[in-house]
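See below for the structure under consideration.
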Amino acid sequence: MERTEKEKMIAGDLYFAGDPELSADRKDARVKLRAINAETDSAKRALLVKNTFGKTGEQVHVEPSVSFDYGYNILVGENFYCNFNNIFLDICPITIGDNCMFGPNCQLYAATHPIEAGKRNSGMEFGKPITIGDNVWLGGSVVIAPGVALGNNVVVAAGSVVTKSFPNNVVLGGNPARIIRTIDEGANGNKLEAARRKIDAIDEQLVALLEKRLQAVTEVTAYKKETQKDILDQGREDAVLEKVAKRVENPLFEETMVATFQDIMKQSRNFQSKELGE
């Protein structure tokens, strides 16, 4: 059975935004959001929100003015607080956990468009779901991009633009947002778990840096293909290892760091050989 455009939209597939059913849903949503924003009694406004969003807890407080595309794709947990002028582009589900606080002017974009101009100009759109864990605090004017998932106990600094997913217990900031620090659960918490979370956060940064390094290796490989030159320079690799040893501040780590870089360079050579078909 062929899916409706609404079913395609919620699934994150390409769909036609001008579909009559979706146009009617958006028109209905405008009526509901005007009623929510016009209501001065917070208890009555909460009831309107509960009747509009796809799911809420018992305690939900949404300040005016709030904006959304459909409303039914917004799913919030218990004890949700949303400050003034928040925007939810809920093409795909926007799922928010318990005890979350959103500062003013936060913007969650589950809607996006094709990169190709022809598709984009045809009226075809698609979305990517957004997932926010429990106990998350978004500072004012935070932007959450399509497809982002945030773990539990995450704090996002005001003005940040979050373009990728992040794990539990971190503070984010910047554009694009990055991990500023991890959140220590306290002296009585599980120190092993705290250390592992710190490693996980550092590993995420290492993956990004190693990917950039491999991209540079790819450029070297392309040069080798083009010129048919053997450009292995053992002297350069030795110089790199010498620099690594000098840059390590803690002597306890020097041997391990040098060995790690030796393996990185070995894997880079293996990658080049594979790309060159050697």
If you roll a 1.4 angstrom probe over the protein chains with everything in place, what fraction of the accessible area of the chain belongs to carbon and sulfur, to the nearest %? 54
Given a 1.4 Å probe, the accessible area of the chain per residue, as a whole number of Å², is 58
For a quick protection proxy, order the peptides 94-107, 165-178 by their average other-Cβ count within 10 Å, most packed first. 94-107, 165-178
May I ask for the Rg/Rh ratio of the chain, computed from Cα atoms with Rh as the Kirkwood radius, given to two decimals? 1.11
Connecting every pair of Cα atoms under 10 Å apart in the chain and solving the GNM, the largest mean-square fluctuation among ARG236, ARG213, ARG30 falls on ARG236
Rounding to the nearest 20 debye, state how big the charge dipole of the chain is about its Cα centre with +1 on each Lys and Arg Cβ and -1 on each Asp and Glu Cβ. 440
Charge dipole of the chain about the Cα centre (unit charges at C-beta), most positive-ward option of GLY139, ILE179, ALA245: GLY139
Mind scanning LYS27/LYS128; LYS225/LYS266; LYS55/LYS128; LYS224/LYS246; LYS6/LYS27; LYS198/LYS274 and naming the pairs with a C-alpha gap bigger than 25 Å? LYS224/LYS246; LYS198/LYS274
GNM result for the chain, Cα springs below 10 Å: residue of LYS212, LYS44, LYS243 fluctuating most strongly: LYS243
Alpha-carbon gyration tensor eigenvalues x 5, square-rooted, for the stretch 84-201, Å: 30, 15, 12
Using amide H atoms built 1.01 Å from N in the peptide plane, name the residues 5+ places from THR56, or on other chains, whose amide H lies under 5 Å from its own. VAL76
So how compact is the stretch 1-126: Cα radius of gyration and Dmax in angstrom? 15.2, 47
Over the chain, relative contact order from alpha-carbon pairs under 8 Å, at least 6 apart, %: 9
Ellipticity estimate at 222 nm from DSSP helix runs (n ≥ 4, -39,500 (n - 2.57)) divided over the chain, nearest 500: -14000 deg cm²/dmol
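The values are calculated or read from the model by the stated rules, or taken from the named source; none is laboratory data. Everything numeric here is computed off the predicted structure, so don't read it as measured data. Note: ideal-geometry Cβ built from the backbone for every residue, glycine included; neighbour counts use all protein chains shown. SASA here: full protein model, heavy atoms, side chains in, ligands and nucleic acids out. Shrake-Rupley method; radii C 1.70, N 1.55, O 1.52, S 1.80 Å.
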